[in-house]
Amino acid sequence: MVSYGPLRSLGEMWPYLDANTSVICDLAIVSIHAFRIPVFFVMAGYFSSMLYERRGALGLMSNRLSRIGLPFIVGLLVVYPITRAGFVFATSTTQVGIAGAWSSVPPAMHSPYAQANTIRPWFLYYLLYFYVAALLCARLVEMLPATVQARGRAVFERITGSRWRVVLLAGLTALTLLPMRTASFDTSATFMPEFPTLSAYFVFFGFGWLLYGSRGLLKTFSRFAWTQCAVATVLFLPNFLALRAVWSGAPYGAFARVVAAVSGGLIVWLLVFGLLGLFLRHFERPSAKIRYLVDASYWLYLLHLPLAIWLPGLMSEWNAPALLKVAIVLGVMAPTLLGSYHLFVRSTAIGAVLNGRRYPAPIPFFRPRPRS
């Protein structure tokens with residue numbers, strides 16, 4: 001979808017832009033980017049805290065190095081060269097066409113790690129920093145008197161259980177968004193982490209870590225869950241318009257930056273509480289189908305990037321509406337990645353790394369019903 005958004009929301013990280021674009025793609029990208037990674041970090045912090053309580057520091061790091069560190073390294077060694085060649089190919093099509101662009105691929109693969117960066121698995125890279133920081137913080141907290149620890153937990157529970165929790169936490173996030181280049185959550189692809197981006201996301205990881213220690217608060221998330229999601233949806237448009245003004249260098253850019261940061265902070269926390277509340281309310285009972293898709297999502301996210309650039313490159317000379325091209329890209333990616341997950345991941349050693357265990361092969365969507 002990024003290839004068809006005229007605003008170039010990812011900048012140099014996504015150098016290819018199709019000749020056919022749609023502002024709807026930009027609106028979708030900005031809306032999804034506003035919450036997906038923060039919500040992911042909340043859940044990552046929650047389950048990391050659970051691992052720490054059950055297995056200790058060594059058990060947590062051992063588990064996370066195998067489930068997070070190893071996929072990150074393999075992604076850099078395998079996925080990055082294919083993705084980089086895809087970007088070279090796609091950008092070359094704008095100059096010499098598809099037929100001529102194929103000649104640019106061998107040189108790109110000849111030096112596959114030139115200008116290497118963390119690109120799509122950057123969030124895994126940040127997680128490794130967060131684990132170390134969380135363990136250091138946990139150790140320091142454990143050295144404090146029990147009364148001080150209890151007061152700190154009480155403050156967290158008072159804020160998280162308050163009706164003003166969204167406003168309070170959104171204010172904190174807005175302060176972290178103001179210095180960002182984009183006035184939203186910046187995406188860093190460098191091996192040297194950018195402190196503003198690192199600290200902004202650590203707020204969500206830390207919230208999830210603390211939430212596990214006060215997990216009784218989860219039952220409050222389902223209150224007004226639909227309302228919170230609806231309000232966040234309404235805020236998407238002013239947030240998008242403010243971001244457009246910031247990115248285009250409008251004369252009222254300073255005011256737009258404040259609007260973008262405040263609305264962005266509200267959106268993300270409304271959706272943290274709203275989405276988690278909806279899932280706790282409507283997906284509390286186990287579902288084989290939902291579990292299958294959740295297990296597959298890690299593989300889909302790690303492997304979707306090469307297809308997301310190669311497919312637009314292959315369609316670059318086709319003069320068709322941007323939304324039609326997006327539909328084709330998604331229509332090809334989804335079954336391809338799900339099929340590869342089922343055949344090569346779910347019941348293999350790769351699945352054991354990504355999902356924590358090997359699962360039986362049958363697809364729950366097509367499992368025959370028992371006869372009565």
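Bear in mind these aren't lab numbers, they're just calculated from the coordinates by the rules spelled out. Since we're looking at a predicted model, the values are computed, not measured. A quick note on method: Cβ atoms are made from the backbone with ideal geometry, for glycine too, and the neighbour counts reach across all protein chains shown.
Sorted from fewest to most neighbouring beta carbons within 10 Å, what does the list CYS229, CYS25, CYS137 look like?
Ranked by crowding around the Cβ, least crowded first: CYS137, CYS229, CYS25.
Looking at the chain, which longest stretch skips every one of the GluC sites (Glu not before Pro) that is in a DSSP loop with at most 16 other Cβ atoms within 10 Å, leaving the sites themselves out?
So the longest stretch without any such site is 1-193.
Any idea what log10 I(q)/I(0) is at q = 0.18, 0.25 Å⁻¹ for the stretch 72-164, Debye with uniform C-alpha scatterers and no solvent?
At q = 0.18, 0.25 Å⁻¹ the computed log10 ratios are -0.88, -1.14.
Within the chain, what's the longest stretch lacking trypsin sites (Lys or Arg not before Pro) that sit in DSSP loops with no more than 10 other Cβ atoms inside 10 Å?
It runs 164-356.
Just for the Cα atoms in the chain, what are the lengths along the principal axes, largest first, rounded to whole Å?
Rounded to whole Å, the extents work out to 70, 63, 48 Å.
Can you tell me the Rg and the Dmax, both Å, for the Cα atoms in the stretch 266-324?
17.5, 48
What's the angle, to the nearest 10 degrees (0 to 90), between helix 36-64's Cα axis and the longest principal axis of the chain?
That helix lies at roughly 60 degrees to the long axis.
Measuring from a point 7 Å past the Cα of PHE344 along Cα-to-C-beta, which residues in the stretch 266-299 have an amide N at less than 18 Å?
Label zone hits: 296-299.
Loop only by DSSP, 15 or fewer other Cβ within 10 Å of the Cβ. Give me the chymotrypsin sites (Phe, Trp or Tyr not before Pro) in the stretch 131-217 that pass, ordered by residue number.
When the chymotrypsin sites (Phe, Trp or Tyr not before Pro) of the stretch 131-217 are filtered for loop state and at most 15 Cβ neighbours within 10 Å, TRP164, PHE191 remain.
Return a whole-number percent for the relative contact order of the stretch 7-163, with Cα pairs under 8 Å and 6 or more residues apart as the contact set.
Once normalised by length, the contact order is 22 percent.
Rounded to a whole number of µm²/s, how large is the Stokes-Einstein D of the stretch 294-342 at 20 °C and 1.002 mPa s, given Rh as the Kirkwood radius over C-alpha pairs?
188
Over the stretch 1-160, what portion of Cα pair distances is larger than 23 Å, expressed as a whole percent?
Of the Cα pairs, 58 percent sit more than 23 Å apart.
Taking the convex hull of the Cα atoms, report for the stretch 112-228 its projected area averaged over all directions, in nm².
Averaged projected area of the stretch 112-228's Cα convex hull equals 9.6 nm².
With everything on Cα atoms, drop me the angle between helix 288-314 and the longest principal axis of the chain, reported from 0 to 90° to the nearest 10.
30
Along the charge dipole of the stretch 287-372, Cβ charges K/R +1 and D/E -1, which of LEU302, SER316, ILE350 sits furthest on the positive end?
With unit charges placed on the Cβ atoms, the residue in question is ILE350.
Kindly express, to the nearest 10 degrees and within the range 0 to 90, the angle between helix 253-282's C-alpha long axis and the longest C-alpha principal axis of the chain.
Relative to the chain, helix 253-282 is tipped by roughly 70 degrees.
Suppose each label sits 7 Å from its Cα in the direction of the beta carbon; what would the ILE98-SER111 distance come out to in nanometres?
2.9
Based on Cβ point charges of +1 for Lys and Arg and -1 for Asp and Glu, what charge dipole magnitude is obtained for the chain about its Cα centre, in debye rounded to the nearest 20?
The dipole magnitude comes to about 1500 debye.
Counting other beta carbons within 10 Å of each Cβ, put MET61, MET109 in order, fewest first.
So the residues, fewest neighbours to most, are MET109, MET61.
Return P(r) of the stretch 287-372 (all Cα-Cα pairs; 10 Å bins starting at 0; whole %; ordered from short to long distances).
Bins of 10 Å from zero give 16, 40, 25, 16, 3, 0 percent of pairs.
For a paramagnetic label modelled at 7 Å from the Cα of LEU218 toward its Cβ, which residues of the stretch 38-58 fall within the zone defined by backbone nitrogen distances under 20 Å?
Only 38-56 fall inside the zone, counting backbone N under 20 Å.
Would you look at the GNM of the chain, springs on alpha carbons closer than 10 Å, and say which of THR93, THR220, THR197 moves the most?
The residue with the greatest mean-square fluctuation here is THR220.
What relative contact order, as a whole-number percentage, does the chain give when Cα pairs under 8 Å and 6 or more residues apart are counted?
25
How many angstrom lie between the C-alpha centres of the stretch 60-110 and the stretch 251-318?
22
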